[in-house]
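Encoded as structure tokens, the structure appears first; notes follow it.
The values are calculated or read from the model by the stated rules, or taken from the named source; none is laboratory data. Quick caveat: nothing in here was measured; it's all calculated off a predicted structure. No Cβ is skipped: glycine too gets one built from the backbone with ideal geometry, and neighbour counts run over all protein chains shown. Just so you know, the surface numbers come from the protein's heavy atoms only, side chains and all, with ligands and any DNA or RNA stripped out. Shrake-Rupley method; radii C 1.70, N 1.55, O 1.52, S 1.80 Å.
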Amino acid sequence: MKYDLNQKIKRGAQRTLAAFSSAMYELLAKKAYDDISINEICQVSNFPRATFYNYFDDKNDLLNYCWFLLKKESKIEEYQDISDEELQEYLLRQIFKTMYRHQELLTQLSKNNVPGSTIIVNLYEYFKNEAINILRDRLADRKETKLPIELIAEHYSNTILLVLKWIFLEGHPLTQTEAMEYVNRLLLQPEKC
């Protein structure tokens with residue numbers, strides 16, 4: 001992304017970024033990601049192409065910004081006061097709540113895009129990688145692990161996101177408590193599945 005999100009965002013930039021992300025969400029609710037053009041995004045956001053390219057390299061860049069907004073909304077990066085034992089539940093809970101709030105959009109994403117399409121994979125991978133980074137960061141100080149930290153972090157993240165994908169992108173409704181139970185069974189008691 002061309003705009004540095006680590007710096008304080010000025011009001012004009014906030015309005016522009018909000019318009020582009022809202023346009024992307026609106027279009028994703030109506031059609032397949034691969035069928036969305038930058039011209040449509042600009043038309044819906046009411047900004048010219050030149051402005052779009054001042055902020056984003058392409059529509060994939062805007063899509064990643066949209067996922068960034070969902071991640072920010074989920075507050076998964078506020079895990080510092082969460083104990084190691086509660087971290088996987090915290091990640092699942094925070095991402096679950098955000099996906100639940102955006103369930104209508106996710107349902108439309110699933111209807112408008114085939115399984116395994118760019119958009120579905122992109123969303124899954126974005127949140128999986130964020131969870132991996134958090135788990136890797138938390139596990140980095142452990143000296144007693146018998147397995148590589150990267151492998152542990154990926155295993156837990158894959159399981160959490162697999163369950164969330166199954167619920168929100170594949171249409172198998174579960175409560176948050178049921179989702180956590182599925183994750184725990186898959187991670188801790190696979191023989192009792």
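Annotations for the structure displayed:
- Think of a 1.4 Å ball rolled over the protein heavy atoms: region 116-193 then has 57 Å² of accessible area per residue.
- Net lengthening on full extension, ASP34/THR145 (0.36 nm per residue, minus Cα-Cα): 35.7 nm
- With contributions of -39500 (n - 2.57) from each DSSP H run of at least four residues, the per-residue ellipticity at 222 nm computed over the chain stands at -22500 deg cm²/dmol.
- Pairs of lysine residues in region 1-123 - Cα separation under 12 Å, sequence separation of 8 or more or cross-chain: 4
- Solvent accessible area, Å² - ARG101, 1.4 Å probe, full protein context: 140 Å²
- Area of VAL44 that stays accessible when all protein chains are in place (1.4 Å probe, Å², to 10): 60 Å²
- Per-selection Rg to Rh, region 4-115 - Cα, Kirkwood hydrodynamic radius: 1.03
- Fully extending the segment from SER117 to ALA50 would add 21.3 nm, taking 0.36 nm per residue of separation and subtracting the current Cα-Cα distance.
- With one equal scatterer per alpha carbon and no solvent term, the Debye-computed log10 I(q)/I(0) for the chain at 0.13 1/Å reads -0.75.
- Here is the list for region 115-145: trypsin sites (Lys or Arg not before Pro) lying in DSSP coil, each with at most 12 other C-beta atoms within 10 angstrom of its C-beta, are ARG142, LYS143.
- Measuring nothing but protein heavy atoms, the accessible surface of region 11-58 at 1.4 Å probe radius is 45 percent carbon and sulfur.
- Taking all protein chains as shown and a probe of 1.4 angstrom, HIS155 keeps an accessible surface of around 90 Å².
- Solvent-accessible surface of region 33-104, taken per residue with a 1.4 Å probe and all protein chains present: 54 Å².
- Reported to the nearest whole Å, the Cα centre-to-centre distance from region 92-169 to region 1-72 is 22.
- Whole-Å semi-axes of the ellipsoid equivalent to region 68-112 (Cα gyration tensor, √5λ, descending): 25, 11, 6
- Per residue convex hull volume, Cα atoms of region 75-188, in Å³: 102 Å³
- Modelled FRET efficiency - R0 41 Å, LEU188 with LEU5, Cβ distances, 0.05 increments: 0.65
- With every protein chain in place, region 75-188: carbon and sulfur % of accessible area (1.4 Å): 51 percent
- Principal axis extents of the Cα atoms in region 11-58, from largest to smallest and rounded to whole angstrom, are 30, 16, 15.
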